[in-house]
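Asker: Input: one structure, supplied below.
The values are calculated or read from the model by the stated rules, or taken from the named source; none is laboratory data. Model, not experiment: these values are computed from the prediction. So basically every Cβ, Gly included, is an ideal-geometry build from the backbone, and we count neighbours across all protein chains shown.
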Amino acid sequence: MTVLGGKYKVLICFRLVGRMLRYSELACRVPRASPKMLSQQLKELEADDIMHLEMYPQVPPKVKYSLTRTRREACADNSGHVEVGRGALRQ
């Protein structure tokens, strides 16, 4: 569980459940994280094989983040926890 020990890693993973997001979209969904902190957390999640980075060959470069296949399956198994998390965020 230390893999998700960063300050914003769990929130980032929660935001990526079932979707692909660009950096700017993630920044809007994790507003308390500074750009430096968000970049650092994303790099660590990718290095730990929790998150996948999809790069599109175009100018300007386009990058989208998503959970890896194993993490998506793990999240599907824990869908009840996701609903509890969503309820907590609404409050």
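Asker: Looking at the structure I just gave you, is Asp77 charged (D, E, K, R), modelled with pLDDT under 90 and under 13 Å from the mean Cα position of the chain (by Cα)?
Answerer: Numbers: charged (D, E, K, R): yes; modelled with pLDDT under 90: yes; under 13 Å from the mean Cα position of the chain (by Cα): no.
Spelling it out, it is not the case that Asp77 is charged (D, E, K, R), modelled with pLDDT under 90 and under 13 Å from the mean Cα position of the chain (by Cα).
Asker: Continuing with the same structure: For the range 47-64, enumerate the residues that are closer than 17 Å to Lys7 by Cβ and out of contact with any helix residue (DSSP H, G or I) (no Cβ under 6 Å at 6 or more places or on another chain). Walk me through it before giving the result.
Answerer: Of the residues in the range 47-64, the ones closer than 17 Å to Lys7 by Cβ are 47-48, 50-51.
Listed by number, the list holds a single entry, Ala47.
Asker: Tally up the residues in the range 6-46 that are acidic (Asp, Glu) and touching a Lys or Arg at 6+ places or on another chain (Cβ under 6 Å), please.
Answerer: 0
Asker: Inside the range 19-57, can you point out the residues that are in contact (Cβ under 8 Å) with a residue 24 or more places away in the chain and within 15 Å of Thr68 (Cβ to Cβ)?
Answerer: Listed by number, the residues that qualify are Arg19, Met20, Leu21, Leu42, Glu44, Leu45, Asp48, Ile50, Met51, Glu54.
Asker: Taking the residues in the range 17-51 that are part of a strand (DSSP E or B) and either out of contact with any Ser or Thr (no Cβ under 9 Å at 6 or more places or on another chain) or at pLDDT below 90 (or both) as candidates, determine which candidate is surrounded by the fewest Cβ atoms within 10 Å (Cβ to Cβ).
Answerer: So in the range 17-51, the residues part of a strand (DSSP E or B) come out as 21-22, 51.
Narrowing further to those that are either out of contact with any Ser or Thr (no Cβ under 9 Å at 6 or more places or on another chain) or at pLDDT below 90 (or both): 22, 51.
Values: Arg22: 13, Met51: 21.
Across the range 17-51, the extreme among qualifying residues is Arg22.
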